[in-house]
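Below you'll find the structure, written out as structure tokens, and then a few comments.
The values are calculated or read from the model by the stated rules, or taken from the named source; none is laboratory data. From a predicted model like this one, the values you see are computed outputs, not experimental measurements. In this analysis, Cβ positions are derived from the backbone assuming ideal geometry, glycine residues included, and neighbour counts consider all displayed protein chains.
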Amino acid sequence: MSVLLFGERLIDKKKISKKQLQKALERQRLHGGRLGENMVALGFIDDHELNDFFKSAPAVPKKVEETGLDFSFIIDLISKHALNMGEFSIPEIAARTKLTLGVVDEAIDRLRHDQLVEVKGASQLSKLSYRLSLTEAGIKRASSLLEVSRYAGPAPVTFDDYRSMVEIQTIKSIFVNPESIRDAFSNLVVNERFLETIGPAVSSGKAIFLYGPSGNGKTTIAETIGRILPGHIYMPYAVLTEGEIIMIYDKASHVAVEPQYSADSVDQRWVLVERPVVMVGGEMTLKSLDLDFNPISKFYEAPLQMKANNGLFIVDDFGRQQVDPQNFLNRWIVPLERRTDFLSFHTGMKIEIPFDQLVVFSTNLEPHTLVDDAFLRRIRYKISIDHPDLSEYKEIFQRVCNSNGVAFNEDVFNHLIENYYHQRNVKLSSCHCRDLIEHIIDSSRYHGLKPELTKQTVSAAWDSYFVEM
């Protein structure tokens with residue numbers, strides 16, 4: 001979220017005045033830091049109020065106009081649901097569309113008035129107990145609607161509401177401290193210099209470039225960053241813009257969590273999820289960064305970066321994608337710098353979407369062979385993940401042994417280092433520890449033996465793992 005937009009929203013909520021915003025902006029120019037931090041320092045707002053601002057839940061739309069959707073759109077969506085359901089009740093339609101009972105009731109009244117829906121029966125006098133179905137005219141109309149768009153899911157939110165929520169939940173609002181960083185990486189063997197670098201990088205919300213030889217934990221580090229991201233966010237099932245529906249919520253990318261508030265206090269068109277972590281590898285193409293239009297269902301699926309908003313986007317094995325690295329980077333120079341992206345509908349119409357995510361590039365290729373200096377300048381943090389030294393390698397090896405129930409043997413470990421790594425001039429790599437122990441376990445299981453760390457089992461594992469000329 002831009003500082004001015006952030007400030008204007010606080011003014012709208014009557015948290016600060018315009019004069020206070022100007023003073024906070026002046027202090028920010030002098031001292032740096034985030035605008036919110038400067039407001040707290042000046043005493044205009046306290047930490048609790050600032051945190052509450054970034055945890056706003058979408059309000060329940062009790063009237064049709066509060067949904068932001070045209071009444072005709074709601075009626076059409078309910079008609080398509082009704083066609084799929086056969087018989088239905090108002091609460092059942094409300095559960096499917098995620099709209100309130102009042103909004104659905106109003107739409108059903110219109111459909112009944114137009115003789116598109118009829119009452120089939122009722123268990124009580126209450127309208128909520130009515131069993132309803134489409135009339136022949138209603139079935140014909142709903143069928144024709146499916147030819148225009150087969151979308152029959154939860155009611156979408158407006159694009160303006162989506163953009164506002166992304167701004168409120170911005171990745172730049174997260175706060176991590178040395179304790180949370182140290183705790184998150186406690187299961188990995190990393191040095192103090194790395195911890196002192198990765199902490200500010202995550203807290204900044206800006207792009208990170210992890211580079212170094214393969215097999216030394218870059219992907220694991222990137223995934224660990226995802227577990228650091230604090231708080232939950234609201235993600236819409238779908239968004240409506242320019243008359244087109246874009247599905248965003250994806251169970252493969254988003255992890256739903258238990259709601260913090262009761263169902264009647266939050267707009268059910270939004271799902272409370274963990275901050276998303278979207279990872280792509282060599283399979284990624286430029287097409288996956290564009291809207292995906294299904295010509296049969298006639299609605300869109302959001303691209304990966306839209307699903308990653310307010311969270312983490314990991315580009316693993318960067319440089320090995322099915323697209324030239326320079327073309328990919330040219331595609332993302334503007335989003336990384338301006339935190340906004342442009343997408344095109346199949347009709348050619350373009351829309352501007354928020355690009356609010358922590359992007360982590362991970363590669364075992366030399367950065368200067370992939371990108372030019374202009375792009376590297378846009379990546380605030382470049383962090384080298386090198387081979388472990390002997391003490392780090394030993395600690396990793398011991399941890400792997402312990403986690404797999406294999407007794408660590410100092411003499412055998414020294415034998416491995418002297419007679420294999422040193423004599424054969426092989427560099428230590430973090431992944432070797434796991435892979436060698438797994439070889440020993442696999443062989444032991446095959447022979448019905450307890451896995452042990454011996455010179456013989458290490459030798460067999462080495463010969464099976466490494467290709468030596």
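Here are some notes:
- Extreme residue, modelled with the lowest pLDDT, among residues of the stretch 1-43 that are surrounded by 17 or more Cβ atoms within 10 Å (Cβ to Cβ) and small (Gly, Ala, Ser): Gly7
- Some residue of the stretch 326-337 being assigned to a loop (DSSP other than H, G, I, E, B), in contact (Cβ under 8 Å) with a residue 12 or more places away in the chain, in the same structural domain as Tyr211 (by TED's automatic domain parsing) and of a type outside the set (A, V, I, L, M): no
- On inspection, Leu210 fails the criterion of being assigned to a strand (DSSP E or B), out of contact with any helix residue (DSSP H, G or I) (no Cβ under 9 Å at 6 or more places or on another chain), in contact (Cβ under 8 Å) with a residue 40 or more places away in the chain and not β-branched (Val, Ile, Thr).
- Filtering the stretch 236-259 to residues that are over 14 Å from Asn309 (Cα atoms), part of a loop (DSSP other than H, G, I, E, B) and over 12 Å from the mean Cα position of the chain (by Cα) leaves Glu242, Gly243, Val257, Glu258, Pro259.
- Filter pass, Ile233 being assigned to a strand (DSSP E or B) and surrounded by 19 or more Cβ atoms within 10 Å (Cβ to Cβ): yes
- Residue pairs meeting the criteria (Cβ under 7 Å; at least 6 apart or on separate chains; first in the same structural domain as Ile174 (by TED's automatic domain parsing) and outside any loop (DSSP other than H, G, I, E, B), in the stretch 267-287; second among the basic types (Lys, Arg) and buried (at least 17 other Cβ atoms within 10 Å of the Cβ)): Val278/Lys307
- Members of the stretch 342-356 found to be over 21 Å from the mean Cα position of the chain (by Cα) and among the hydrophobic types (A, V, I, L, M, F, W, C), listed by number: Phe345, Met349
- Filter result for the condition that a residue is in a helix (DSSP H, G or I) and not assigned by TED's automatic domain parsing to the domain that holds Lys80, over Glu223, Glu147: Glu223
- As a summary of the residue check, Asn309 satisfies the conditions (1) in a loop (DSSP other than H, G, I, E, B); (2) out of contact with any helix residue (DSSP H, G or I) (no Cβ under 6 Å at 6 or more places or on another chain); (3) buried (at least 21 other Cβ atoms within 10 Å of the Cβ) except for the one numbered (2).
- Taken residue by residue, the stretch 185-197 has at least one member that is in the same structural domain as Asp250 (by TED's automatic domain parsing), in contact with a strand residue (DSSP E or B) (Cβ under 9 Å, 6 or more places away or on another chain) and farther than 17 Å from His81 by Cβ.
- Taking the stretch 342-398 as the range and being at pLDDT 90 or above, among the hydroxyl-bearing types (Ser, Thr, Tyr) and part of a helix (DSSP H, G or I) as the test, the residues that pass are Ser391, Tyr393.
- Matching entry among Ser430, Ser391, Ser403 (being hydroxyl-bearing (Ser, Thr, Tyr) and either under 28 Å from the mean Cα position of the chain (by Cα) or surrounded by 13 or more Cβ atoms within 10 Å (Cβ to Cβ) (or both)): Ser430
- Test for Ser89: is it among the small types (Gly, Ala, Ser) and more than 23 Å from Val266 (Cβ to Cβ): no
- Count of the stretch 170-199 residues which are assigned to a helix (DSSP H, G or I) and either free of Cβ contacts under 8 Å to residues at least 24 places away in the same chain or loosely packed, with under 14 Cβ neighbours inside 10 Å (or both): 9
- The stretch 85-138 - residue that is in a helix (DSSP H, G or I) and of a type in the set (Val, Ile, Thr) and, of those, nearest to the chain's Cα centre (by Cα): Thr97
- Listed by first and then second residue, the pairs with beta-carbon distance under 8 Å, at least 6 apart or on different chains, first residue in the stretch 8-21 and farther than 13 Å from Leu35 by Cα and in a helix (DSSP H, G or I), second polar (S, T, N, Q) and at pLDDT 80 or above, are Ile11/Ser17.
- Total residues in the stretch 254-271, condition out of contact with any Leu (no Cβ under 8 Å at 6 or more places or on another chain) and either crowded, with 19+ Cβ neighbours inside 10 Å or modelled with pLDDT under 90 (or both): 9
- Any hit, the stretch 34-41, residues being free of Cβ contacts under 8 Å to residues at least 40 places away in the same chain and either under 30 Å from Met247 (Cβ atoms) or not in a helix (DSSP H, G or I) (or both): no
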